[in-house]
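Accompanying notes for the structure given below.
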Amino acid sequence: MNGTMSINKQGHLEIGGCDVVELAQKYGTPLYIFDEETVINNAKAYLAGLAELENYEVIYASKAFLTLGMCKLIEALGLSIDVVSGGELYVALQAGFPVNRIYFHGNNKSISELQMAIDVGVGRIVVDNFYELETLAEIAANKRRQVNILLRLNPGVEADTHSYIQTGQPDSKFGFSIGNGDAERSVDLADGFEYINLKGIHCHIGSQIFDISSYKVAINVMMDFILNYKSKGITLSELNLGGGLGIRYTKADQPVPIPEFTKFLVSSVKEAAEQRNLEIPRIMIEPGRSIVGEAGTTVYQIGAIKDIPGIRTYASVDGGMTDNPRVALYQAQYHGIVANKADQPAEKTYTIAGKCCESSDKLIENIELPQLEPGDLLAVLSTGAYNYSMASNYNSLPRPAIVTVYRGESKLMVERETYADLIRLHRIPKRWQAGI
Ligand SMILES: *Cc1c(COP(=O)(O)O)cnc(C)c1O
């Protein structure tokens, strides 16, 4: 069980002091439940963990989960935010997020996105490639506006969930490679532009990372880079180490707790600076999944149950790859609890399928659960990151509502889409209206 989960006297699953069965009755299913306390605890753990550095910033990677309310919560907690598109920037601005605490990422920012970022005055633009750097310099010069940037570098360290590899020539669409001289050329180029203020460098080595030693390898590569430029008279005073810490989806996952991770980062950075006789740069990190992933639970109602003797039993739910595309996309694994039978022992193996017209639309393969009946409520855990933000309307399924729970109180965070929402943008070309 995650975060504030418990089982109450009725044998129901509770999250944030709210009975999940009651939440399903009140708000309908499928329903995303957002456990506010877990997000608060995670954010505070990151801030406390880095506090020893004095000059640091925790930036929430909003692509994991972004709503107006989430922006407010993130702001109140003292985190900054990163966005990867004009749309995400718009959401943050609409929520009134302090613009100087917004970081703008992306490997193919459009001209209008760059103009928007400059016009509103985002804190940093994280420049990804030469085309962007030159375009940005030109726009900034035309507007006579100074723009603060970081350069996204590819340190040649790629972290996988359980391992990492160091590659001289990484094959990635993101960033300037250190291995082939692109990174050096990008600094030299940026340094020459009148309206570009090069503040520092950024890297992001992967996601759902369990082997945190990969961060130390990346820190050393990045600090070597900073040292190299110091000797050339260019100060790179900010080092953004990206996100990527893993979370627990199933019992097989053993993520590194946030305090342990930040402690490791702090000691690695201090050691690297000491070894090179460098000042410690301003350290930024950009967690997404590890802030919000375990705070999310999706509750579905079980419908059809199909037993194929000797093969498997399918139990289908009223959502699926539309609200959680991660299983079909990259075989992500999840754990589930029957919310109305949370105190009952597992008796039977099920495969949980979605309701979309796709055989790959499964949520969990081979999970042991109490005997299921239509109408039971299945809570799928750790759906807070990259679920709502990746959700679609495939098969014209309306996107679920999101409800936030905190100490026994529930409040709507995002309304459930209606059928009318599905056709809001549809237009029938005039010539077809009278018949073709
Ligand atoms: C996706 C992303 C993050 C967040 O990654 P998580 O694995 O969710 O922590 C941070 N920084 C950048 C640049 C990203 O693209």
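Stretching the chain fully between Gln275 and Gln433 yields a gain of 49.5 nm (0.36 nm per residue, less the alpha carbon separation). Overall, the ratio between the Cα radius of gyration of the chain and 2.2 N^0.38 Å, rounded to two decimals, is 1.06. Classified by the C-alpha gyration tensor, segment 295-353 has an oblate form. Its axis ratio a/c, with a ≥ b ≥ c, is 1.5 or above, and a/b does not exceed b/c.
For the chain, the relative contact order works out to 20 percent when only alpha carbon pairs closer than 8 Å and six or more residues apart are counted. Seen from every direction in turn and averaged, the convex hull around the alpha carbons of segment 36-292 projects onto 12.9 nm². Name the long-range amide H neighbours of Val338: under 5 Å, sequence gap of 5 or more, or other chain; modelled H, no Pro or chain starts. The answer is Ala379. Loop-resident trypsin sites (Lys or Arg not before Pro) (DSSP state other than H, G, I, E or B) in segment 64-151 with no more than 13 further Cβ atoms inside 10 Å of their Cβ: Arg144, Arg145. Build a GNM of the chain with springs between Cα atoms under 10 Å apart, and of Lys232, Lys348, Lys216 the one that fluctuates most is Lys232.
For the chain, the longest principal axis of the alpha carbon atoms and the long axis of helix 182-192 meet at an angle near 60°.
Going through the cross-link list Lys109/Lys173; Lys216/Lys270; Lys362/Lys411, which pairs have a Cα-Cα distance over 20 Å in this structure?
Exceeds cut-off: Lys362/Lys411.
With a Förster radius of 56 Å applied to the beta-carbon distance between Arg282 and Asn393, the computed FRET efficiency rounds to 0.85. To the nearest ten degrees, helix 258-276 and the longest principal axis of the Cα atoms of the chain are 10 degrees apart.
For a paramagnetic label modelled on Lys232 (point 7 Å from Cα along Cα→Cβ), amide N atoms under 15 Å away belong, within segment 185-219, to 185-193, 198-201. With R₀ fixed at 41 Å, the C-beta to C-beta distance from Gln254 to Tyr314 puts the FRET efficiency at about 0.85. Highest mobility in the GNM of the chain, judged by mean-square fluctuation with C-alpha springs under 10 Å and restricted to Ile111, Ile81, Ile302, is found for Ile111. Residue order for His162, His426, fewest other beta carbons within 10 angstrom first, comes to His426, His162. Return, ordered by residue number, the residues of segment 359-400 whose backbone nitrogen is under 16 Å from a label point located 7 Å along Cα→Cβ of Asp307. Inside the label zone: 369-374.
FYI, it's all coordinate maths here, none of it is from the lab. What you are looking at is a predicted structure, and each value in this text was computed from that prediction instead of being measured. Don't worry about glycine lacking a Cβ; one is built from the backbone with ideal geometry, like all the others, and counts go over all protein chains shown.
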